[in-house]
Amino acid sequence: MDMLLFDAANTLIHKPSLWEKIQKTLKKFNYQVEQRVIKERHKLLSEIINFPDRTDKDFYLNFNSELLLSLGIIPTNELLEELFNNCKYQPWEAFDDCKFLNDINIKKAIISNFNSSLINLIDELIGVNIFSNIIISENENTRKPELKFYQTAIEKLEIEASEILYIGDSLKLDIIPAKKLGMNTLLIDRDNIYPNSEKRISSFKELKKYI
């Protein structure tokens with residue numbers, strides 16, 4: 001492989017404080033739900049509802065309504081408002097296993113459904129000059145899972161698709177379109193949500209097995 005290409009949100013960076021915030025809000029309304037279950041339902045719902053480059057309150061009111069239904073909870077305006085107010089502006093953090101990327105001497109790049117703030121965010125949380133390119137949907141006017149977005153990345157990286165190992169956390173947004181264009185793929189599944197998926201890793205520490 002000549003290039004490692006990564007998704008960003010929930011592959012390289014995440015919001016770990018979100019799950020406790022959701023759980024505490026539900027508890028306030030007398031609903032007892034394990035964080036493990038919240039994370040799983042949130043993840044599966046994210047495979048169905050596509051996040052925009054810039055989210056807003058209307059998006060989260062709709063998303064959280066569906067999340068509550070998936071947990072067997074009838075959404076009320078009061079609960080939805082509380083969830084939104086308690087969960088907004090949670091900070092991004094890098095996954096702990098990102099430190100293993102420094103040990104891999106292969107070019108690295110990012111392709112992400114995100115806004116232009118991602119470049120500074122990645123530099124701050126993971127490090128400057130680790131990634132040669134950061135290709136962002138907001139800047140390209142196309143987004144995952146559109147094949148055009150992946151084709152744009154291939155052209156910008158000036159490399160054959162077969163020489164790219166793509167790593168992402170979503171089957172729908174990451175793995176399927178990347179494979180269609182001939183990339184090699186790995187699903188990063190830290191929470192063991194997709195045990196039946198092929199070519200799956202639970203940590204970046206396992207990347208060296210595939211390169």
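For Lys43 paired with Ile176, estimate the spin-label separation in nm (one decimal), with each label point 7 Å from Cα along the Cα-to-Cβ line.
About 1.8 nm separates the two model spin labels.
Find the Rg to Rh ratio for the chain, where Rh is the Kirkwood radius over alpha-carbon pairs and Rg uses the same atoms.
That ratio is 0.98, to two decimals.
Express the carbon and sulfur contribution to the solvent-accessible surface of the chain as a percent, rounded to the nearest whole number, probe 1.4 angstrom.
With neighbouring chains kept in place, the figure for the chain is 45 percent.
Please give the per residue accessible area of the range 68-195, computed with a probe of 1.4 Å over protein heavy atoms only, in Å².
The answer is 50 Å² per residue.
Note down the nm distance, to one decimal, between modelled labels 7 Å out along Cα→Cβ at Tyr89 and at Leu125.
Result: 1.8 nm between the two label points.
For Glu138 and Gln32, what does the FRET efficiency come to when R0 = 41 Å and r is the distance between their Cβ atoms, rounded to the nearest 0.05?
0.60
According to the square roots a ≥ b ≥ c of the eigenvalues of the Cα gyration tensor, what is the shape class of the range 102-155, taking rounded for a/c under 1.5, prolate for a/b larger than b/c otherwise, and oblate for the remainder?
It comes out oblate by the Cα gyration axes.
Assuming 1.567 mPa s and 4 °C, estimate D for the range 13-91 with Stokes-Einstein, Rh taken as the Kirkwood radius over Cα pairs, in µm²/s.
102 µm²/s
With an 8 Å Cα cut-off and a minimum separation of 6 or more residues, compute the relative contact order for the chain in percent.
25 percent
How would Asp96, Asp7 line up by accessible area, probe 1.4 Å, largest first?
So the residues, ranked largest to smallest area, are Asp96, Asp7.
Would you mind finding the longest exposed-site-free stretch of the chain, with exposed GluC sites (Glu not before Pro) meaning DSSP loop and at most 15 other Cβ atoms within 10 Å?
48-145
Which distance in Å, rounded to a whole number, links the C-alpha centroids of the range 25-47 and the range 109-126?
If we compute the Cα centre of each part, the gap is 27 Å.
What is the gain in length, in nm to one decimal, between Thr55 and Gln151 on full extension, counting 0.36 nm per residue of separation less the C-alpha to C-alpha distance?
32.0 nm
Using the alpha-carbon centroid of each, what span in Å lies between the range 59-87 and the range 142-175?
When both Cα centres are located, 32 Å separates them.
Quote to one decimal, in nm, the extra length available between Ser162 and Lys24 on full extension: 0.36 nm per residue of separation minus the C-alpha distance between them.
Once the chain is fully extended between Ser162 and Lys24, it gains 45.1 nm.
Within the range 4-145, what is the number of lysine pairs with alpha carbons under 12 Å apart, leaving out pairs fewer than eight places apart on the same chain?
5
Quick one: length gained pulling Lys15 to Lys208 fully straight, 0.36 nm per residue minus the C-alpha distance?
So the chain would gain 66.9 nm between Lys15 and Lys208.
Tell me the label-point distance for the pair Glu82, Phe100, using the 7 Å Cα-to-Cβ offset, in nm and rounded to one decimal.
Each label point is offset 7 Å from its Cα along the Cβ direction, giving 4.0 nm.
So what is the calculated 222 nm ellipticity per residue for the chain, using -39500 (n - 2.57) for each DSSP H run with n of 4 or more, over all residues, to the nearest 500 deg cm²/dmol?
Result for the chain, helices only: -10500 deg cm²/dmol.
The values are calculated or read from the model by the stated rules, or taken from the named source; none is laboratory data. Predicted, not measured: the structure shown is a model, and the values here were computed from it. Every residue, glycine among them, receives a Cβ derived from its backbone with ideal geometry; neighbour counts consider all protein chains shown. Surface accessibility is based on the protein's heavy atoms, side chains included, excluding ligands, DNA and RNA. Shrake-Rupley method; radii C 1.70, N 1.55, O 1.52, S 1.80 Å.
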